[in-house]
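What follows is one structure encoded as structure tokens, with my remarks underneath.
No value in this document is a laboratory result; all are computed from the given coordinates. Because the structure is a prediction, the values reported are computed rather than measured. Quick reminder, even Gly has a Cβ in these numbers, built from the backbone with ideal geometry, and neighbours come from all protein chains shown.
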Amino acid sequence: MPLGRVRIGIVGAGYAGNVHAENLSRNPSVELRAICESRPDDARLFSNRYGTKIYSDYRELLSDTEIDAVYITTPNYLHAQQAIAAMEKGKDVFSEKPMATSLGEAKDVLNVAGKAGVKYQIGLSRRFWPVYKYVKGLIGGGALNPYLADIKMSRGELKRPSWVSDEKVSGGFLYESVLHILDLVRWLMGDIETVYCEAKSSIYKQLDDFAIILKTADRKMASITSSAHATWVFPFERVELYGDHSCVITEEMARVTYSRGLEKEVEIRDFSQLPRNRSWGFEEEDGLFVDSILSDSKIAVDEVEAYKSIELVEACYGSARIGGPMRLPL
């Protein structure tokens, strides 16, 4: 690795690949070296924008000795096999969520990451949204102890990109979208012990409406409702946490309202003017990944955290199948 620089290749020139490339191209500690994309027009557009080499087969990119780290931003079902191949080639890996689309594949990634001697970071970007970092700070500082949470996280449609409606490609709606909220609950409230989920197929040819209850070992509870066909009406994501006569309410990445107690001042934090990549957390997670490689420090969201998010998804699907609660770990 050149002194003070990480040479990066990206597999997948879709929306996520371009978002990360935009951030990485502004980082003086990064050199974007290559793009792997099966669609020639998209590959050329990316290469022209960022000055990268082009590969059409990810295995060729992984064999490039001038690449230190790889971003995996392909459709969900490819993440596990591509991450494993990259780590076995000695590349550090940033993988977009999900880690995998089955528990078995997730275990394979977890095992390889633990043995390969490289970095593995998962793109659970909600942890870097300024709205949720503010909430995490309230909890960590003792200002709010959440006993109960009520969360709405919906998606407008399963039409864009077209592959998200194909369960074999996405893994299903929970893998594609709701995984973020399952991880968020665990991050804010602690490890989940019990999952109960009801689900049905209303519009699409997969389960697309969910009602979920999560319980922690210390009896904290969170309810999640999520629909895959809700339109993008604001706010598509809303989190309410209730403490001792106190609460916090978020509205997407734009705003947080904090009520600190009865007859006390209400605090409102507005993040709506932040640049997209910062308010969505992408800028920070990319910077932390690069820093962890250069300083050989702990990854921000590692393979263990990634695996636990897959466990939560599988527990939800399992609970919906059996019509009863599932206990973690699976």
(Q) From Cα pairs below 8 angstrom and at least 6 apart in sequence, can you work out the relative contact order of the chain, rounded to a whole percent? (A) 18 percent
(Q) Please return the longest range in the chain lying between exposed loop sites, taking GluC sites (Glu not before Pro), DSSP loop only, at most 10 other beta-carbon atoms within 10 Å, and leaving the sites out. (A) 1-262
**Q.** Cα gyration tensor, region 77-185 - rounded (a/c under 1.5), prolate or oblate
**A.** oblate
Q. Can you tell which of Ala143, Ala80, Ala16 shows the greatest fluctuation in a Gaussian network model of the chain with Cα springs below 10 Å?
A. Ala143
**Q.** Extension gain from Glu198 to Glu66, taking 0.36 nm per residue of separation minus the Cα-Cα distance
**A.** 42.7 nm
Q) When Lys and Arg each count +1 and Asp and Glu each count -1, what net charge do the other residues less than 15 Å away from Val290, Cβ to Cβ, add up to? A) -3
Q: Kindly express, to the nearest 10 degrees and within the range 0 to 90, the angle between helix 130-140's C-alpha long axis and the longest C-alpha principal axis of the chain.
A: 60 degrees
Q) In the structure shown, do any of Lys119/Lys152; Lys159/Lys308; Lys107/Lys168 have a Cα-Cα gap over 22 Å, and if so which? A) Lys119/Lys152; Lys159/Lys308
Q. Which angle between 0 and 90 degrees, to the nearest 10, do you get for helix 40-50 versus the longest principal axis of the chain when only C-alpha atoms count?
A. 90 degrees
Q: Only bridges with both residues in the chain count here: give the DSSP antiparallel percent, nearest 5.
A: 60 percent
Q) Could you state the number of Å between the C-alpha centres of region 17-63 and region 266-280? A) 29 Å
Q: No other cysteine beta carbon under 4.7 Å away is the test; run it over the chain and list who passes.
A: Cys36, Cys247
**Q.** Lys, Arg +1 and Asp, Glu -1 on Cβ, resulting dipole of the chain about Cα centre, debye, nearest 20
**A.** 100 debye
Q) In degrees from 0 to 90, rounded to the nearest 10, what is the angle of the helix 15-25 Cα long axis to the longest principal axis of the chain? A) 70 degrees
Q. In debye, nearest 20: dipole of region 14-117 around its Cα centre with unit charges on the Cβ of K, R (+) and D, E (-)?
A. 100 debye
Q.
Taking 8 Å as the Cα distance limit and 6 or more residues as the minimum spacing, I'd like the relative contact order of region 1-143 as a percentage.
A. 19 percent
Q.
Please report the antiparallel percentage of DSSP beta bridges with both residues in region 111-266, rounded to the nearest 5.
A. 85 percent
